[in-house]
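The values are calculated or read from the model by the stated rules, or taken from the named source; none is laboratory data. Owing to the predicted nature of the structure, the values given are computational and were not obtained by experimental measurement. FYI the Cβ positions are ideal-geometry reconstructions off the backbone, even for glycines, and counts take in every protein chain you see. Keep in mind that these areas ignore ligands, DNA and RNA; they rest on the heavy atoms of the full protein, side chains included. Shrake-Rupley method; radii C 1.70, N 1.55, O 1.52, S 1.80 Å.
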Amino acid sequence: DLHPSYLLCCFFGPILPFYERVIFACRDDPCPVKLNLSVGAYRTEEGKPLVLEVVRRAEQQLANDRSCDKGYLPIDGLADFNKLGAKLILGDDSHALEENRVVTIQCLSGTGSLRVGAEFLAKHHQQSVIYVPNPTWGNHPSIFTLAGLSVQYFRYYDPQTRGLDFEGMLEDLGAAPSGAIVVLQACAHNPTGIDPTLEQWEQIRQIVRSKGLLPFFDNAYQGFASGSLDSDAQSVRMFVADGGECLIAQSFAKNMGLYGERIGALTIVCTSEDVARKVHGQLLLVVRPMYLTPPIHGASIVTTILKNSDMYKDWTIELKGMADRIISMRQQLYEAIQARGTPGDWSHIIKQIGMFSFTGLNEKQVRWMAKEYHIYMTYDGRISMAGLSSKTVPQLADAIHAAIT
Ligand SMILES: Cc1ncc(COP(=O)(O)O)c(CN[C@@H](CCC(=O)O)C(=O)O)c1O
């Protein structure tokens, strides 16, 4: 009576990526003070998931609206959601929007947006090679491979400096075949927490355009990195402003706390209105046999908030509160490590941005910390800063100090 996953492992190798094994190890750990820093989901100072107040108000408004029903949405989702979501990432003054060169369809959060975009590209784009950062979000290779694309990597992280390997990145993008697709994380890079500067983004844009590469932005953390929706959209808007094509996968999981509502959107910026119309038709042919139409509730919440200026403002305040708490956790952890005199330069903890910090701890140290200190992070040394609190910072700093010395 072998567990099904064991059988599958026998035939297909370990079906659980390393971080899911970490999550199960943490779940099965009976220690009352265990600390789970492995999943990119926001937690409050009390360590609890957060439902934004503005989300609760939007849901209340929807519940009271007797005209709301639970009928099928169109294949491309809630029209108002698509329109407002596109403006959120592209900006109110986007020329691409004014020229009707933009196609946006509601998808199943960021992951679904990436997958639908990948399936579309596998079917219609002349190049099936897709370049992703090394390292990148653990799910990217599977999403693109299963869609039929061939995954390659470009250098992104320099373990020596614990910073961006910018020269290596430019060199690898420069060597990519013309037409290749390039995945760019718009902000708050997962797992490194390292983002290019605006000047570096401009150099990336120039090489992408000059080589005729197709940018596919993964915009999972807009507003969550800096606390500003517009600042975190600058990389995307820089590319769209030049009139070229790009794809953008959008998620409201983190920035609106709608993880389980699975609400996101795929936007494709085209070179003309006519191409946009044809792309829209082809996207419907991808979605219909995949999941027919997307879910209504999450889209209704987001639309209610984005449509109402007071709710939108309240959302930006709560969003900045989440981003600021994470920034404060970075500062507190850095100071606690410094106070312990832990060997090495730990300034990357405060230089990195967004949900994650790439600590530089190796797998052996990570496993030791799990065993001896009941602290769980992904084996590549990535910690979710959102999982920390002022109370648990000392526990982590002690564990890091012990693992290093
Ligand atoms: C860069 C990036 N893109 C897309 C997603 C997918 O988000 P959606 O919920 O589909 O909108 C994540 C979530 N990565 C998190 C959470 C989940 C997971 O990977 O198991 C993480 O890396 O912990 C991400 O980090």
Original post:
Restricting attention to the stretch 33-45, and to residues there that are open to solvent by 60 Å² or more (accessible area, probe 1.4 Å) and aliphatic (A, V, I, L, M), which single residue is farthest from the ligand (Cβ to nearest atom)?
Top reply: VAL33
**OP:** Among what's in the stretch 79-95 and is of a type in the set (Gly, Ala, Ser) and under 18 Å from ASP230 (Cβ atoms), pick the residue that is surrounded by the most Cβ atoms within 10 Å (Cβ to Cβ).
**Re:** GLY85
**OP:** Give the number of residues within the stretch 46-56 that are more than 21 Å from the chain's Cα centre (by Cα), surrounded by fewer than 18 Cβ atoms within 10 Å (Cβ to Cβ) and at pLDDT 95 or above.
**Re:** 2
Original post:
Just one of ILE375, ILE383, ILE337, ILE353 is surrounded by 17 or more Cβ atoms within 10 Å (Cβ to Cβ) and farther than 16 Å from LEU37 by Cβ; which is it?
Top reply: ILE353
Subject >> Filtered residues of the stretch 126-143 (kept if within 18 Å of LEU213 (Cα to Cα) and away from the ligand (no atom under 12 Å from the Cβ)) >> reply: GLN126, GLN127, SER128, VAL129, ILE130, TYR131, ASN134
**OP:** Test each condition in (1) open to solvent by 50 Å² or more (accessible area, probe 1.4 Å); (2) in a loop (DSSP other than H, G, I, E, B); (3) within 16 Å of the ligand (Cβ to nearest atom) for TYR221 and report the one that comes out false.
**Re:** (1)
Original post:
Does GLY168 satisfy the condition of being at positive phi and more than 19 Å from the chain's Cα centre (by Cα)?
Top reply: no
**OP:** Restrict the check to the stretch 235-248 and report whether at least one residue is over 19 Å from ILE194 (Cβ atoms), buried (at least 24 other Cβ atoms within 10 Å of the Cβ) and β-branched (Val, Ile, Thr).
**Re:** yes
Subject >> Considering residues of the stretch 249-268 that are hydrophobic (A, V, I, L, M, F, W, C) and not in a strand (DSSP E or B) only, the residue nearest to the ligand (Cβ to nearest atom) >> reply: ALA253
Original post:
Going through the stretch 117-162 one residue at a time, which ones are closer than 24 Å to ILE349 by Cα, modelled with pLDDT under 95 and more than 19 Å from the chain's Cα centre (by Cα)?
Top reply: PRO159, GLN160, THR161, ARG162
Subject >> Test: residue in the stretch 152-164 that is more than 15 Å from the ligand (Cβ to nearest atom), farther than 26 Å from MET385 by Cβ and surrounded by fewer than 23 Cβ atoms within 10 Å (Cβ to Cβ) >> reply: yes
